[in-house]
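First comes the structure, then the notes that go with it.
What follows is calculated from the coordinates using simple rules that are stated; it is not laboratory data. Since we're looking at a predicted model, the values are computed, not measured. With ideal geometry, Cβ positions are generated from the backbone for all residues, glycine too; neighbour counts draw on all protein chains shown.
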Amino acid sequence: MQQPYSYFQECDLGQQSILHAIRSRPQPQRQRLQSTVMEEEPQDIMNISTSTGRATPSPPEEPSKPLCETLVDLQLLSEERINITEEDRQRTKAHFFVHCAQCNKLCKGKLRVRCSLCKGGAFTVHRDPECWDDVLKPRRITGHCESQEIACFDNETGDPPFTEFYFKCGEHVSGGEKDFAAPLNLIKINIKDVPCLACTEVSETVLVFPCESKHVTCLECFEQYCRSRLSERQFMPHPDIGYTLPCPAGCENSFIEEIHHFKLLSREEYARYQRFATEEYVLQAGGVLCPQPGCGMGLLVEPECKKVTCQNGCGYVFCRNCLQGYHLGDCLPEGTSTNASGSCEYSVDPNRAAEARWDEASKVTIKVMTKPCPKCRTPTERDGGCMHMVCTRAGCGFEWCWICQTEWTRDCMGAHWFG
């Protein structure tokens, strides 16, 4: 018996792709739709000729487009898809772009589908995706799952399951089903040869901001835009999106929603971006950041709490209001010297003060190695011994605890007198 053969053309699936060949089987119908389907069958399958009275078969359905053409269509608006020439379509075989964690760079990606219920890859979609929302948002397109003997259903009434789209890197061997890549939906092939908003050069690959004007920037200028805003700490916190940037032209409703676009920065810069984003979240939530150099731990404390301890961090105890070491009494005005004396005749020429400065590292060293006396705020360094401190400044002599940074008590004696 001759075996049937099938030919696959213009798939454009990319390297390291898996193609599932499934024997078709009848798709189960919901019981309550049986009568409706049977009644509509004559009109669905046959066209009745009024002149001859004979039934003729309906023309076949239009086949689905190859994946490469579907990718092009996703980058264009509906009216632009109609006007694109065949030459442009062939010149710009479209690609999705992703940030691959393994490659640590911008890569061409592969769009893949699977069943949202069983996660099986043998899945047939009922229609092609027509926009990014179809791909990025859940429960947009249904399909038929062939991954198991018993087909998946979305609910008890027999509705078909929804499609789950995901992306893989197209530039390295797949590491399995959990090898995903973050889609960068704003990065596109520059089909229209639009110049960059900043440098005015025409680049092959560009980023299109989600503003009404669809401003375009080349990737180098986008990285420079992110880098400059990061150094100035000018990223903006958005309640729904997070720490992000708008279109540099100042357009409304132009925030970048997919923050993985900022991974185009270096590892160090992206780590800095994440740290700033975390700090901004803490501040927006009413928290404080530990002022100790080299720490910066985010701390969420009660609104009425003045004494803040950097728990799970450096252990520094500071005043929430002035961010200095914890103290008794009111906070000093910023810039007030703690060692000032009214009887001192020592004067300083402000113009010469800048020439007499030691480097900033000395200030950092003092702040890290010392704690202020809670009463007079004189920096005090502990060189071994117990935690019971006595301020040596003339006229002070305040006894305080090195750990609690408050007055020495029997509780301090019992809990951490030494150690």
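Values of log10 I(q)/I(0) for region 243-323 across q = 0.14, 0.16 Å⁻¹ run -0.61, -0.73, by the Debye formula with one identical scatterer at each alpha carbon and no solvent. Listed cross-link partners Lys137/Lys178; Lys306/Lys371; Lys263/Lys371; Lys110/Lys137; Lys119/Lys192; Lys263/Lys306 are compared with a 28 Å cut-off, the Cα-Cα value being larger for Lys263/Lys371; Lys119/Lys192; Lys263/Lys306.
Taking amide H atoms as placed 1.01 Å from N in the peptide plane, the amide H of Ser254 lies under 5 Å from those of Cys247, each 5 or more residues away in sequence or on another chain. Which loop GluC sites (Glu not before Pro) in region 267-306, with loop taken from DSSP, have no more than 14 other Cβ atoms within 10 angstrom of their Cβ? Of the GluC sites (Glu not before Pro), the ones in loops of region 267-306 whose Cβ has at most 14 other Cβ atoms within 10 Å are Glu304.
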